[in-house]
Every structure is written in structure tokens, then in C-alpha cells.
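As C-alpha cells, the structure follows; a few thoughts come after it.
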Amino acid sequence: MRTGLLLGFLLGAASLTGCTTKESVKPTEYAITNFIGAESSITSGTRTSGPWELGVVFSSSVAGKLTQVGSKMPEPGSYRIVIWDFDTKAVLRQKTIEQTTPDKLTLNDVESLALAANKKYVISINNQSGGANKKYGFAYKTGNSDFMPFTKGSILVYNACYRNTATALFPDVVTNVKYELYGYPEFTFIPD
């Protein structure tokens, strides 16, 4: 009888510990490429010129972390991706991505970067690879009307920006572009 009671107690305790609340896994977000791929009114094309530092101004509606950066360029190559602080123009993360397949999103890990809610950042990509200006993608809304700002998941994309440079310079020569998106740099965001 005692053995049965003890066994019942142990099984009950084991089932209770198995029912502990587990931390839910937050979905990863890829705002730029998911938006372009999902919007039927967005038309894409390619251009060859430059060199260009092609950027996107963004923020997150919730705190979280940026864990990867990537590129989705029309041609294979080594592309420099930079995460900038919008206010100070300081480089927060920089990584060169080796993209081996045309038009295929290639992501690589970076040291995790905490993103504060509602703070502006810029992600940029340079279209120069191996000393040559590579093709870059662009997207616009049918009718050439503004389509930014837009929200995808927790990410708000305010506008595009760019600068004619091969070196890592903040892309602020042309700012507040709301009718066309260039690049495409991408990042992985995981909400807290």
C-alpha cells in the first residue's frame, strides 16, 4: 500500500513539473523582404550604377534583438551590411555577407544587438563587390506613389535613403525617399 501511495505521489509530482510554463518562442521577423514579396502592388526591377550605400530607416514597436543581417541582391557577391544609429550616425554592427545565389536572401549571424522600442536605426548595403558595381534591386508601388512608411510585424519602415560611396558612410545624402526601396538589406528581428 505504501509503495503504491509513494508511486502515485511521485507520478503526480512528475506530472506537475512537466506542466511548468515554458517560455514561448518568439517568431523571427524579416520585414523588408517579406513586405516586398507579399504586396501585389509592388513592382521590382534592377539597376547597375554606383557605388551606392543603399539604406532603410526603421524602428521596432517593441524591444527586441537583431541577430542576423543579410542581403538579397540580383548578383552573387560579397556585400557589406551596416546597422547604424539613426541619431548619432554611429556604426552599431558591420558584416560582409557572401551571397552565392542571385536574388536569394542570405543571412549571417552578428553579435546580438538590442533594439529599443520606437528608436530609429538604419540598415544599409553597398552594391560594390570586388571593386565592381553590382546590380541592385529596387521596388516601387504601381503608379509611382509613396508606399512608405509601412509596417510588417513589429517593424516600421519609415523611408529609404542612399549615398554615392564605396566606403561605409552613413547614407544621408538623399533622405526621406518614400516612393522607392533599394538594395535589399535585411535583418532578423526577434521581439522580447
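Under the condition of being open to solvent by 50 Å² or more (accessible area, probe 1.4 Å) and of a type outside the set (Gly, Ala, Ser), which residue from segment 123-133 is farthest from the chain's Cα centre (by Cα)?
So, considering only residues that are open to solvent by 50 Å² or more (accessible area, probe 1.4 Å) and of a type outside the set (Gly, Ala, Ser), the one farthest from the chain's Cα centre (by Cα) is Asn133.
State whether the residues of segment 86-96 include one that is under 19 Å from Tyr182 (Cβ atoms), buried (at least 19 other Cβ atoms within 10 Å of the Cβ) and at pLDDT 95 or above.
Among the residues of segment 86-96, not one is under 19 Å from Tyr182 (Cβ atoms), buried (at least 19 other Cβ atoms within 10 Å of the Cβ) and at pLDDT 95 or above, which makes the answer no.
Tell me which residues, restricted to segment 140-161, are assigned to a loop (DSSP other than H, G, I, E, B), closer than 18 Å to Val69 by Cα and open to solvent by less than 50 Å² (accessible area, probe 1.4 Å).
Scanning segment 140-161 gives a single hit, Ser154.
Evaluate the following for Lys119: is it out of contact with any helix residue (DSSP H, G or I) (no Cβ under 9 Å at 6 or more places or on another chain), assigned to a loop (DSSP other than H, G, I, E, B) and more than 24 Å from Thr165 (Cβ to Cβ)?
yes
Can you tell me which residue within segment 60-79, out of those that are closer than 16 Å to Asp103 by Cα and in a strand (DSSP E or B), is most open to solvent (accessible area, probe 1.4 Å)?
Ser78
Give segment 39-57 a look and list any residue that's within 30 Å of Ala90 (Cα to Cα) and among the hydroxyl-bearing types (Ser, Thr, Tyr), or say none.
Answer for segment 39-57, where residues must be within 30 Å of Ala90 (Cα to Cα) and among the hydroxyl-bearing types (Ser, Thr, Tyr): Thr46, Thr48, Ser49.
It is to be established whether one or more residues within segment 162-181 are hydroxyl-bearing (Ser, Thr, Tyr), within 18 Å of Ser61 (Cβ to Cβ) and in a strand (DSSP E or B).
No, that holds for no residue.
If you check Gly183 against the conditions, is it surrounded by fewer than 21 Cβ atoms within 10 Å (Cβ to Cβ), more than 20 Å from Gly64 (Cβ to Cβ) and either over 17 Å from the mean Cα position of the chain (by Cα) or of a type outside the set (A, V, I, L, M, F, W, C) (or both)?
So Gly183 does not fit the description; no.
Looking at (1) in contact (Cβ under 8 Å) with a residue 40 or more places away in the chain; (2) open to solvent by 40 Å² or more (accessible area, probe 1.4 Å), can you tell me which one Asp103 breaks?
(1)
Among the candidates Val57, Val82, which residue alone is within 14 Å of Asn126 (Cα to Cα), in a strand (DSSP E or B), open to solvent by less than 10 Å² (accessible area, probe 1.4 Å) and not basic (Lys, Arg)?
Criteria check complete, one pass: Val82.
The values are calculated or read from the model by the stated rules, or taken from the named source; none is laboratory data. Not measured: the values here are computed from a predicted model. We place every Cβ from the backbone using ideal geometry, glycine too, and count neighbours over all the protein chains shown. All accessible areas refer to the heavy atoms of the entire protein, side chains included, with ligands and DNA or RNA removed. Shrake-Rupley method; radii C 1.70, N 1.55, O 1.52, S 1.80 Å.
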